[in-house]
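In what follows, a structure is listed as structure tokens, so that the remarks can point back to it.
The values are calculated or read from the model by the stated rules, or taken from the named source; none is laboratory data. This is a predicted model, so every value here is computed, not measured. Cβ atoms come from the backbone with ideal geometry, glycine included; neighbour counts cover every protein chain shown. Heads up: the accessible areas ignore ligands, DNA and RNA and are worked out on the full protein's heavy atoms, side chains in. Shrake-Rupley method; radii C 1.70, N 1.55, O 1.52, S 1.80 Å.
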Amino acid sequence: MENLFTQAAGVPLNHYIYLSAIIFSIGVIGVLTRRNAIVIFMSVELMLNAVNLLLTAFSVHNNDPAGQVFVFFIMALAAAEVAVGLAIIVMVYRNTKSVDINVLNRLKW
Amino acid sequence: MQAQSSSIDFLPIIFQVIVALGFVVTTLVATHFLGPKRKTSDKLETFEAGIKSVGNARQPFSIKYFVVAILFVLFDVEVIFMYPWAVNFRTLRMDGMIEMFIFMGTLLLGFIYVIKKKVLDWN
Amino acid sequence: MEQLLLLIFLPLVGAIITAFSGKSAKIVSTVFSVVSLGLALVIACNFIPNASTQFEVNLPWIADLGINFHAGIDGISMLVVLLTNLLVPIIILSSYNHEYKNPAAFYALILFMQCGLLLVFTALDAFLFYIGWEAALIPIYFICAIWGGKDRIRINMKFFVYTIAGSLFMLMGIIYLYLQNPAHNFDIQAFYALNLDSAQQGWIFWAFFIAFAIKMPIFPFHTWQPDTYTAAPTQGTMLLSGIMLKMGIYGVIRWLLPIVPAGVHDWGQVAIVLSIIGIVYASLIAFTQKDAKRLVAYSSIAHVGLISAGIFAFNQQGMQGAMVQMLSHGINVVGLFFVLDIIFSRVKTNKIEELGGIAKVAPHLALTFLIIVLGTVALPGTNGFIGEFLLLMGVYNYGIWASAIAGLTIIFGAVYMLRMYQNVMLGETNSLTITFTDIKGTEKLVLYTICALIIVLGIYPKPVLHLTEASVQHLLEQVNQKLNTVN
Amino acid sequence: MNIIITISITAFIVLYAGLFKANKALLPLTVVGLLTALGFTFCAWNGNAVHFGMMQTDNFALAFSGICIIGTLLIFLLTQNYFHAKSDNIAEYYTLILFALAGMIMMVSYKNMAMLFVGLEIMSVSLYILAGIRKKDFASNEASLKYFLMGAFSTGFLLFGITLIYGATGSFDLDRIQAYLVNSQVISPIFYPGVILMMIGLSFKIGAAPFHFWTPDVYEGAPTLITTFMSTVVKTAGFAAFLRLFAGALAPLHDFWVAPLMVIVCLTLFIGNVTALFQKNFKRMLAYSSISHAGYLLFSLIVLTKNSENNVLVYAAAYTFASIIAFAVLILVKQKTGSDSFESFNGLAKRNPLVALCLTVAMLSLAGIPLTAGFIGKYLMFLNVMTEYKTLLVAFAILNALVGFYYYFRVIVAVWFKDGAETELSAPVQYKVVLLVSVAITLILGIYPAIILNLI
Amino acid sequence: MDSAFVIEKFILVAVIFGISLVIAMYSTYAERKVAAYLQDRLGPDRAGPFGILQPLADGLKMFMKEEIIPTSSNRFLFIAGPGLALLCACIGTAVIPWGSPVLIAGKTIPLQVSDINVGVLYIFGVVSLGVYGVMIGGWASNNKYSLLSAIRAASQNISYEIAMGLSIIALLLMTNTLSLKEIVDQQHGWRWNVLYQPLGFLIFMVCSFAETNRAPFDLPECETELIGGYHTEYSSMKLGFYLFAEYINMFVSSAVMAALYWGGYNYPGMDSMAVWLGPTWAPLFGTAVFFGKICAFIFFFMWVRWTIPRFRYDQLMNLGWKGLIPLAIANIIITGVVIAIIEKF
């Protein structure tokens, strides 16, 4: 019990870094391996959230609010990206009836 | 100004989540075993006002809903900038207020644009 | 100094005016080129034939990068400047029997190129030299590619990439020198004063040498040349062979030798060997050519090979020979190409076998052509003789084997040139040449001018030798002195 | 600060003008706004003001802002009838371009990495939309989606990099990061991956190999005018951002990041040039050429001297204006012939000599022929790297430049030496203005570069 | 000490959880009774006296019903939907301060699961999550009506969430804290926020109605158009979960409204009461007052439901976007300016 308590009180910074790195990597792998535009997009969001988590951790660790403010910016701009991105995906879907990026080969890679 | 919350403060919330989750799962499992099981194919079809259902329900729906969703994402996220300002309103004083009013003005410009573009007209 | 600026930029002004003069471009450009020639002669008259640099201009241009508009004329420059300004009106006049489409652009490009060439020949700032070097290239590219013959695009691309490749490496060398120069400028005197070790000199030698060798061209960098000469319009070929080729030679004399004497010392032998291989090789190839234009092109490689061998032999005779030969070769080769052009314009072929007996129907042409051919094969009494004699002497001083090979080849050259003359001009007329009309008007003017120059220079070369002597001597001393301090 | 405010306000005014159907007033309003912004840029010269610790309008920022604004202005002049035929949301396009410009100004003048991120995103998000403004056109859709996915992906890298650097230094401020690098005895191990990640993220944005693969598709698929914008002004801003970070704050760590940068540069040069050689489509060729120019631009960072930044400025200016010419001609030709292959340029010299001449100057400048701005740019790059006598690298770049000649001259060949349709190709007045202004700038910078050499 | 803390918290959680379940259960009963009274009928009266055992009977029925999962649905999401809905509803109560700390067996126990400094945000977060349950359920059913209803629910919820978020900002300008506990404590005695923020409260309340899908904003469930709404396909306890979640949400909303605007456990004269009742019973009395307020709100919810007709969808969206959002922003500006004037910035 006490163990749990102390652990909850002070998770070392390294763990945050590892966790974020893992989440970030999952996002990267998702982007690289998935073929569905929406899933790719979600993977990107995962990457951003890994960043947010880490920034917050650093911010608390350094006792500097700038990091958390940065998180706000990331969230706001990620939202803008979401808005635009989803609109683009819908636009593509309406033309192709698919969100698989494999159909995006009219222009060769 | 106000007390910093540490991770300990969130521990009880986790307790509550555990309790709620336990309740939900237990109940779901329990009803699964308690109820009678007499399945017929008619029963397992989707019910659409007694008419035979046609095609998959997961079709594209009106873009209006979609636009609302996008607008929500934008506006809701912009609102989060106001929370820190509101909490620190008395510390930031006049400067903060003017800046936030400019921010809100910009937001309003976008809002008026959206309305003018008749995005939010439902017919 | 105003005179020099005027000299350099008059053709540019001419080019701009010509570009907008429409149908009368031919006349306008002739006027400008003749005025330029006059100006060059005035400057030559005011030139005091000693080792000093005269009419010097030194204006800041891009001060932050240590680049100045620094130009001046010494004996060597004077010679090539004269050559340029002499040949350009001749070349323009020689185009009178052609009706080029879009003449304004054509003549404007020629004048523009003249400006670039004059920059090259007068620049005393390495950067300016480089700019002129490239500025001369662009117009000739367009001249050849727009008004050229068949397959011109591919051939010109090859030519262009070849030359620009060379010049980019030269640029690298220039940058290197600039960085080595504590004053951080491109001034030629500062470059002369640099003390580089032999490894540095070695690679800078190659960076420069390849650029110059491509331009001249020296074996094995010559492969662009015959194709380009053939595919280019005659005026383009004349510009290339008559003037542009001298850029390479001039570059070697002005920039390569004094800056990296140790490099020349270490690698000059290679250059000579390459030159001599070039002479032999080009002569052999020329011998087998069926197309007169290609034959002349290869003979040009042979001649240039000799010039470069004379320069790298690095003695007074060789150098002076190179000077004279630059001038003579320019005149001769222009003459040769003009004659071939006249023939081509009449009978639409330059194939040696298909021609013959032209002398009977066109005696004036035959006579002038003979004089030019004799000049080319260096018959005593023609301008070619003086140059080749001095060059062979210079090479002889360097090594007897070299001069033996080179000399033999020159004789060999006489054989194929004369054989070509014989096949083209003499013998019986055939169905193609029977209707041949003799030269007239500007053709006559140009060819007689060339012949006159050939003979005058052959009999009385003194002014040319006198013009360059002091400068050449100064150069040799300078280099030898520097070489001694390095070793 | 004034500059950004002016541009943003202009954007809003234009947006609302469009809302109230004042389509005729859009272009004049935009031009006035941009000229005002340009005026502010000049006024702020040598001011070196720091705004709230977030942005610094030093001469570096102002010079790049100036280029971006002028470039955008020229591109706006090209919009004549470009959007009108296709859509009725013209004001939105104007606004988006202006917003993108505002983002770029932030990118070139940031002092705090938050502003880098915000600027980058404002720019990118606008561009995602602009790339896809042809809603029914599949290529445009695809370009938009690809650009978006890649852009968002790269933003992730950039952010993770920023985060790690923040974790190590405890600040987003460039000066403090630099101070950290200079002062601290031991640099935190998370700093290094941060630098690499940021480099990757920014390389994506500027289209440097091996993170370039989206570039050709996006450039080809997007409407040509937007491609013009993306490959010129946007790219310039991207480089300025790159430079501000690496040549500024991270300069003390140069030894560490120069190795990966060198790999990026070499790959970029090689891939960009060699692939450009095989293109049959002019637009796509320009896309690859823009990749190769990214390589040259990064070249300046391999050796950091006090002139590195200015060199990039010169190169970017040269590249921007030459590319604007190329794209403007492309738009004209495409409107006439409906194709953007090399063949459609055949015989352009006969159809419109003026346009052909401008295009030739642009190609010469892009190829780096003396007396054009492109040469000065390349020269400065080589000079810069030569200061540490990295001759092999310069030789490599020279070989690539030679490859470049081939494909740029293919255009010249098509324009001048090939016969094509004899139909007249008339250029509207605005196009003529843009072409002549750009040509003038290209030549002036080529002949007398002293005016721009000491700007920063 | 630590284990004591954990046990204490678990007990508190269990008690609050139990209370909220009971209140939710009896809300269903109350709903029918209220409806009956308003419509002048009796309502449930068979199970136990006054039908008081009716909720238990209902619950039992739900438990014993057959569980149907349509073949064309997505099985996992079909189950997860209602589970998520209920879960989100249940965890909302964690940050609500039920009363001031109470002295029990010589130990001061705060009547709040956790006083975190982002309490308001937590509530918003949890409430927003609720829409997932609806959306997932509607989508998983693979029924056009369900899906349409779920989409409607989602757009309605998100539309009103903006106005809700904005309305609370005006309150935060005054309180300068996000901790619910502190907000409640600031309303000591009579200084309830509703007196200073009537407009804000009105907006907040309207939004609460919309968030909980209660009439007149119950479009997702309007039977005449959409059969049963997003839970058309649901049966047995999973249907129960959805219904239950709605009542718990109502309870949480009422509690939040009472806490934010109506003083929570504060009441006039509480200081003298504290002296009179002592440290154990005074807080408990406050809690009772709080529950009284909550019940009043729940009643209000029901009252409205059975009095006001349902909106049309366009009316609903217009109200949310064009009515409440500008109003909320105006409220913020007014509040800000007034505070600035009063406190002489």
Taking GluC sites (Glu not before Pro) that fall in a DSSP loop and have at most 14 other Cβ atoms within 10 Å as cut points, what is the longest piece of chain C between them? C:100-352
Any residues in the stretch E:320-339 that have 50 Å² or more less accessible area with all protein chains than in their chain alone, probe 1.4 Å, and which are they? E:TRP321, E:LYS322, E:ILE329
Mean other chain Cβ within 10 Å across C:146-157 is 2
Rough spin-label spacing in nm, given labels placed 7 Å along Cα→Cβ, for D:LEU354 and E:VAL338: 6.6 nm
Using a probe of 1.4 angstrom, how much of the accessible area of the stretch C:2-486 is carbon and sulfur, in percent? 68 percent
How tilted is helix D:26-43 with respect to the longest principal axis of chain D? Cα atoms for both, answer in degrees (0 to 90, nearest 10). 40 degrees
Can you tell me the accessible area per residue over the stretch E:1-157, all protein chains present, probe 1.4 angstrom, in square angstrom? 41 Å²
What spacing in nm lies between the two simple spin-label points modelled at D:VAL186 and B:LEU34, each 7 Å away from Cα in the Cβ direction? 6.1 nm
Kindly report the accessible area of the stretch C:2-486 per residue (heavy atoms of protein chains, probe 1.4 Å, no ligands, DNA or RNA), in Å². 31 Å²
Quick check for me: using +1 on Lys/Arg Cβ and -1 on Asp/Glu Cβ, what's the dipole size of the stretch E:1-59 about its Cα centre, in debye to the nearest 20? 200 debye
Run the reach check for C:LYS101 against aspartates and glutamates, Cα to Cα strictly under 19 Å, same-chain hits fewer than 8 apart removed. What comes back? C:ASP151, C:ASP341, D:ASP419, D:GLU422, D:GLU424
Of the cross-linked pairs D:LYS280/D:LYS350; A:LYS97/D:LYS205; B:LYS64/E:LYS181, which ones have a Cα-Cα span greater than 32 Å in the structure shown? B:LYS64/E:LYS181
The stretch B:58-97 and the stretch C:329-353 have their Cα centres apart by a whole-number Å value of 83 Å
Based on the alpha-carbon gyration tensor of the stretch B:61-122, what equivalent-ellipsoid semi-axes (square roots of 5 times the eigenvalues) come out, in whole Å, largest first? 29, 13, 6
When the charge dipole of the stretch D:374-456 is computed with +1 at the Cβ of Lys and Arg and -1 at the Cβ of Asp and Glu, the Cα pointing farthest to the positive end, of D:MET386, D:VAL433, D:GLY420, is that of D:MET386
What whole-number distance in Å separates the alpha-carbon centres of the stretch E:138-154 and the stretch D:33-82? 50 Å
Can you work out ³J(HN,Hα) from phi for every residue in the stretch E:158-167, in order, using Karplus 6.51 cos²θ - 1.76 cosθ + 1.60 and θ = phi - 60°, giving whole Hz and x for Gly and Pro? 5, 4, 7, 5, 5, 4, 4, x, 5, 5
Taking the alpha-carbon centroid of each part, what is the distance from the stretch D:380-451 to the stretch E:1-37 in angstrom? 77 Å
So what is the relative contact order of the stretch D:2-453, in percent, for Cα pairs below 8 Å that sit 6 or more residues apart? 14 percent
Could you work out the Kirkwood radius for chain D, taking every pair of different alpha carbons, averaging 1/r and inverting it, reported in Å? 21.8 Å
Over the protein assembly as shown, the sum of -39500 (n - 2.57) across DSSP H runs of at least four, divided by residue number and rounded to 500 deg cm²/dmol, gives at 222 nm -24500 deg cm²/dmol
Charge dipole (debye, nearest 20) of the protein assembly as shown; +1 at Cβ of Lys and Arg, -1 at Cβ of Asp and Glu: 3240 debye
Mean accessible surface per residue for chain D, computed with a 1.4 Å probe while every protein chain stays in place, in Å²: 29 Å²
On complex formation of D with C, accessible surface lost, both sides summed, probe 1.4 Å, nearest 100 Å², amounts to 3100 Å²
Is there a simple number for the mean count of other chain Cβ atoms within 10 Å of the Cβ of residues in E:53-63, and what is it? 1
How large is ³J(HN,Hα), in whole Hz, for each residue of the stretch D:211-216 in order, when computed from phi with the Karplus curve 6.51 cos²θ - 1.76 cosθ + 1.60 and θ = phi - 60°, using x for Gly and Pro? 10, 9, 4, 6, 4, x
Along the stretch C:293-301, what does the Karplus equation 6.51 cos²θ - 1.76 cosθ + 1.60 (θ = phi - 60°) give for ³J(HN,Hα), rounded to whole Hz, x for Gly and Pro? 5, 5, 4, 4, 4, 5, 5, 4, 4
The lysines whose Cα lies under 21 Å from the Cα of E:LYS33, excluding any fewer than 8 residues away in the same chain, are E:LYS61, E:LYS293
Show which aspartates and glutamates lie in cross-link reach of C:LYS215 when reach means a straight Cα distance below 15 angstrom and same-chain residues fewer than eight apart are skipped. C:GLU134, C:ASP227
Using the Kirkwood formula over every pair of different C-alpha atoms, what hydrodynamic radius in Å results for the protein assembly as shown? 37.9 Å
With the convex hull built on the alpha-carbon atoms of chain C, volume per residue in Å³ sits at 122 Å³
Output the Cα-based Rg and Dmax of chain E in Å, rounding Rg to one decimal and Dmax to a whole number. 20.9, 67
